[in-house]
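The values are calculated or read from the model by the stated rules, or taken from the named source; none is laboratory data. Here the structure is a predicted model, which means the values were calculated and not measured. Because the Cβ atoms are built from the backbone with ideal geometry, glycine has one as well, and the counts that use them run over all protein chains shown. Note: accessible area is taken over every heavy atom of the protein model, side chains too, but ligands, DNA and RNA are not part of it. Shrake-Rupley method; radii C 1.70, N 1.55, O 1.52, S 1.80 Å.
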Amino acid sequence: MFPARDADRSVLLTGFAVNKPAQLSDVDDIAQGFPREVARVLEQSQQFGVRTIPDLLSLDWQINPPTPGFLAQVAKNFDVRYVISGDIRNAGIRNTPVLFGLWIKKTRAIEVDLNVFDAKAGVLVAKYRLTGTAEGDVMVGRQHVFAGEGFAATGYGKAILDVAQKAAQSITVQLAPR
């Protein structure tokens, strides 16, 4: 294990953009909840110093690749080496007729793009597309707090948390040898 307080082992997770907000109207605060959950898993590993901010990695709220100068400024302001940003690309529901259309099988996807930047160097280190699915009752309900017990008890909430776990594992594997 590496010491988490080392500046070269520090990570900042920004808010995630949501490409199709209407698809996630039943999920409470995924833009900040998803990166917070990834941060929680990373903190448990005790390999990184982890910080989060609710803002997108952007100066103008547009999702454009950050410039090396902007990344360097973020690294300096937050005293971190790595910056993690991303976006929730898809959360659509697919209805498939079953048994000559007598029943409908519901499937819902979660698709997340994850960007890992070495902010001090100003370069993209890795880009991941992580996916998960849930079948059956695919709604969460805004009454369930993101990553809470009720959230995790739903099929779709569990799928989202599984993708967050995959994201943390991907980050850990990517940054471990550095």
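State which entries of Lys105/Lys158; Lys20/Lys158; Lys105/Lys166 exceed 22 angstrom in Cα-Cα distance in the structure shown.
Numbers: Lys105/Lys158 18 Å; Lys20/Lys158 20 Å; Lys105/Lys166 26 Å.
Lys105/Lys166, as the Cα separations exceed 22 Å there.
Can you compute the helix-only [θ] at 222 nm over the chain? Use -39500 (n - 2.57) per DSSP H run of at least 4 residues, normalise by all residues, nearest 500 deg cm²/dmol.
Details: 4 runs with 53 residues, N = 178.
The per-residue figure over the chain is -9500 deg cm²/dmol.
Counting only DSSP beta bridges with both residues in the chain, what percent are antiparallel, rounded to the nearest 5? Could the numbers behind the result be given before it?
Details: 26 of 35 bridges.
Rounded to the nearest five, the antiparallel share is 75 percent.
Using a 1.4 angstrom probe, figure out how much accessible area the chain has per residue, in square angstrom, rounded to the nearest whole. Mind showing how you got there, number by number?
Details: 9360 Å² over 178 residues.
Value returned for the chain: 53 Å² of accessible area per residue.
How large is the Rg to Rh ratio of the chain when both quantities use alpha carbon positions and Rh follows Kirkwood? Don't skip to the end; give the middle numbers.
Values: Rg = 17.4 Å, Rh = 16.9 Å.
Rg/Rh for the chain comes to 1.02.
Can you list which of the chymotrypsin sites (Phe, Trp or Tyr not before Pro) found in the stretch 70-178 are DSSP loop residues with at most 15 other C-beta atoms within 10 Å? Spell out each step's value before the answer.
Numbers: sites: Phe70, Phe78, Tyr82, Phe100, Trp103, Phe117, Tyr128, Phe146, Phe151, Tyr156; in loops: Phe100, Phe146.
Filter output for the stretch 70-178: Phe100.
Which percent of the accessible area of the stretch 78-178 is formed by carbon and sulfur heavy atoms (probe 1.4 angstrom)? Walk me through the numbers before you get to the answer.
Working: 2790 of 5120 Å².
Carbon and sulfur atoms account for 55 percent of the accessible area of the stretch 78-178.
Mind pulling the angle between the C-alpha long axis of helix 155-175 and the longest principal axis of the chain? Nearest 10 degrees, somewhere in 0 to 90.
Result, in degrees: 20.
Of all the accessible heavy-atom surface of the stretch 16-77, with the other protein chains kept in place and a 1.4 Å probe, what percent is carbon and sulfur? Write down the numbers at each step before the final one.
On the way: 1740 of 3430 Å².
So the carbon and sulfur contribution to the accessible surface is 51 percent.
Using each residue's phi in the stretch 89-103, evaluate 6.51 cos²θ - 1.76 cosθ + 1.60 at θ = phi - 60° and report the 3J(HN,Hα) Karplus result to the nearest Hz, with x for Gly and Pro.
Running phi through 6.51 cos²θ - 1.76 cosθ + 1.60 with θ = phi - 60° gives 7, 8, 8, x, 9, 10, 9, 10, x, 10, 6, 6, x, 6, 10 Hz.
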